[in-house]
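Structure first, commentary second.
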Amino acid sequence: MTTEEDRIRALVQDWASAVHRGDLPGVLADHARDIVMFDVPPPYEVVRGIDAYRDTWPPFFEWQAQGAAFEIEALDVTAGADVAFAHALLRCGTPADLAERPAQHLRLTLGLRKEDGRWVVAHEHHSFPDATGAE
(Lines give C-alpha, C1' and ligand atoms only; values in the text may rest on other atoms or scores of the structure.)
Protein backbone atom coordinates (compact mmCIF):
# COMPACT_ATOMS: atom_id res chain seq x y z
CA MET A 1 0.00 0.00 0.00
CA THR A 2 1.29 3.46 -0.90
CA THR A 3 1.71 5.85 2.00
CA GLU A 4 1.27 9.62 1.91
CA GLU A 5 5.05 9.89 2.27
CA ASP A 6 5.47 7.71 -0.84
CA ARG A 7 3.05 9.89 -2.80
CA ILE A 8 4.94 13.03 -1.80
CA ARG A 9 8.30 11.43 -2.51
CA ALA A 10 7.06 10.61 -6.05
CA LEU A 11 5.74 14.18 -6.47
CA VAL A 12 9.14 15.65 -5.50
CA GLN A 13 11.04 13.20 -7.73
CA ASP A 14 8.71 14.02 -10.66
CA TRP A 15 9.23 17.75 -10.03
CA ALA A 16 13.04 17.36 -9.96
CA SER A 17 12.93 15.33 -13.18
CA ALA A 18 10.81 18.04 -14.83
CA VAL A 19 13.31 20.69 -13.68
CA HIS A 20 16.18 18.64 -15.11
CA ARG A 21 14.34 18.29 -18.46
CA GLY A 22 13.40 21.98 -18.58
CA ASP A 23 9.73 20.95 -18.63
CA LEU A 24 7.88 24.01 -17.33
CA PRO A 25 4.38 22.43 -17.24
CA GLY A 26 5.87 19.52 -15.26
CA VAL A 27 7.59 21.91 -12.84
CA LEU A 28 4.30 23.74 -12.21
CA ALA A 29 2.07 20.65 -12.12
CA ASP A 30 1.81 20.09 -8.36
CA HIS A 31 2.11 23.63 -7.05
CA ALA A 32 -0.59 25.67 -5.33
CA ARG A 33 -1.93 28.78 -7.05
CA ASP A 34 -0.80 30.76 -3.98
CA ILE A 35 2.71 29.22 -3.80
CA VAL A 36 5.30 31.13 -1.78
CA MET A 37 8.95 30.58 -2.71
CA PHE A 38 12.32 31.81 -1.47
CA ASP A 39 14.95 31.22 -4.15
CA VAL A 40 18.72 31.42 -4.61
CA PRO A 41 19.04 33.98 -7.43
CA PRO A 42 18.08 37.63 -7.01
CA PRO A 43 15.92 39.48 -6.23
CA TYR A 44 16.17 37.59 -2.88
CA GLU A 45 12.62 38.47 -1.99
CA VAL A 46 9.60 36.27 -1.71
CA VAL A 47 8.02 34.95 -4.90
CA ARG A 48 4.24 34.89 -4.47
CA GLY A 49 1.75 33.10 -6.66
CA ILE A 50 1.98 30.60 -9.48
CA ASP A 51 2.52 33.28 -12.16
CA ALA A 52 5.55 34.75 -10.37
CA TYR A 53 6.82 31.21 -9.66
CA ARG A 54 6.47 30.34 -13.38
CA ASP A 55 8.50 33.42 -14.30
CA THR A 56 11.51 32.28 -12.22
CA TRP A 57 12.13 29.15 -14.29
CA PRO A 58 13.14 30.25 -17.83
CA PRO A 59 16.42 31.88 -16.66
CA PHE A 60 17.22 28.76 -14.64
CA PHE A 61 16.56 26.53 -17.66
CA GLU A 62 18.90 28.71 -19.76
CA TRP A 63 21.64 28.34 -17.15
CA GLN A 64 20.99 24.61 -16.81
CA ALA A 65 21.30 24.16 -20.60
CA GLN A 66 25.02 24.83 -20.12
CA GLY A 67 25.30 21.30 -18.71
CA ALA A 68 24.33 21.91 -15.08
CA ALA A 69 23.17 19.05 -12.87
CA PHE A 70 19.95 19.04 -10.86
CA GLU A 71 19.76 15.73 -8.99
CA ILE A 72 18.23 14.76 -5.66
CA GLU A 73 20.75 12.96 -3.46
CA ALA A 74 18.76 12.75 -0.22
CA LEU A 75 15.05 13.26 0.44
CA ASP A 76 13.07 13.04 3.67
CA VAL A 77 9.29 13.40 3.92
CA THR A 78 6.92 13.73 6.87
CA ALA A 79 3.19 13.74 6.19
CA GLY A 80 0.08 14.26 8.25
CA ALA A 81 -3.49 13.94 7.06
CA ASP A 82 -3.53 17.24 5.17
CA VAL A 83 -0.15 18.95 5.63
CA ALA A 84 3.37 17.70 5.03
CA PHE A 85 6.93 18.83 4.62
CA ALA A 86 9.92 17.51 2.75
CA HIS A 87 13.56 18.44 2.75
CA ALA A 88 16.25 17.39 0.34
CA LEU A 89 19.85 17.84 -0.69
CA LEU A 90 20.50 18.21 -4.41
CA ARG A 91 23.55 18.33 -6.64
CA CYS A 92 22.97 21.56 -8.53
CA GLY A 93 25.67 23.20 -10.57
CA THR A 94 27.73 23.21 -13.70
CA PRO A 95 30.55 20.68 -13.97
CA ALA A 96 32.99 23.47 -13.04
CA ASP A 97 30.90 24.42 -9.97
CA LEU A 98 30.72 20.82 -8.81
CA ALA A 99 34.46 20.24 -9.38
CA GLU A 100 35.32 23.36 -7.40
CA ARG A 101 32.91 22.57 -4.52
CA PRO A 102 32.09 18.84 -4.68
CA ALA A 103 30.57 18.72 -1.18
CA GLN A 104 28.22 21.68 -1.69
CA HIS A 105 24.55 20.85 -2.06
CA LEU A 106 21.46 22.86 -2.84
CA ARG A 107 19.09 22.65 0.12
CA LEU A 108 15.40 22.29 -0.64
CA THR A 109 12.51 22.56 1.81
CA LEU A 110 8.89 22.10 0.75
CA GLY A 111 5.65 22.66 2.62
CA LEU A 112 2.71 20.80 1.14
CA ARG A 113 -1.02 20.68 1.74
CA LYS A 114 -3.85 18.59 0.41
CA GLU A 115 -6.25 20.30 -1.97
CA ASP A 116 -9.20 18.29 -3.26
CA GLY A 117 -7.49 15.07 -2.21
CA ARG A 118 -4.11 15.71 -3.86
CA TRP A 119 -0.85 17.06 -2.52
CA VAL A 120 0.36 20.45 -3.74
CA VAL A 121 3.46 22.45 -2.87
CA ALA A 122 2.42 25.61 -1.01
CA HIS A 123 5.91 26.70 0.12
CA GLU A 124 9.29 26.13 -1.54
CA HIS A 125 12.68 27.26 -0.26
CA HIS A 126 16.04 26.81 -2.02
CA SER A 127 19.39 27.76 -0.50
CA PHE A 128 23.10 27.07 -0.62
CA PRO A 129 25.26 27.17 2.49
CA ASP A 130 27.32 30.34 2.70
CA ALA A 131 30.66 29.46 1.12
CA THR A 132 32.48 31.57 3.70
CA GLY A 133 31.06 29.54 6.56
CA ALA A 134 29.43 32.63 8.06
CA GLU A 135 25.80 31.58 7.61
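The values are calculated or read from the model by the stated rules, or taken from the named source; none is laboratory data. Bear in mind the structure is a predicted one, so any value in this text is a computation, not a measurement. For neighbour counting, all protein chains shown are included, and Cβ atoms are generated from backbone atoms with ideal geometry for every residue, glycine included.
Suppose we keep only residues that are out of contact with any Phe, Trp or Tyr (no Cβ under 8 Å at 6 or more places or on another chain) and of a type in the set (D, E, K, R) within segment 85-116. Which one would you say is farthest from Trp15 (Cα to Cα)?
Glu100
Check Ala10, Ala52, Ala68, Ala74 and return the single one that is of a type outside the set (Ser, Thr, Tyr), free of Cβ contacts under 8 Å to residues at least 60 places away in the same chain and touching a Gly at 6+ places or on another chain (Cβ under 7 Å).
Answer to the check: Ala68.
Among the residues of segment 32-54 satisfying the criterion of being at pLDDT 95 or above and closer than 16 Å to Val19 by Cα, which is surrounded by the most Cβ atoms within 10 Å (Cβ to Cβ)?
In this case the residue turns out to be Tyr53.
Being in contact with a Lys or Arg (Cβ under 9 Å, 6 or more places away or on another chain) and either among the small types (Gly, Ala, Ser) or part of a helix (DSSP H, G or I) (or both) is true for just one of Ala96, Ala88. Which residue is that?
Ala88
Just for segment 88-133: of the residues that are free of Cβ contacts under 8 Å to residues at least 60 places away in the same chain and of a type in the set (Lys, Arg), which one is surrounded by the fewest Cβ atoms within 10 Å (Cβ to Cβ)?
Ranking the qualifying residues of segment 88-133, first place goes to Arg101.
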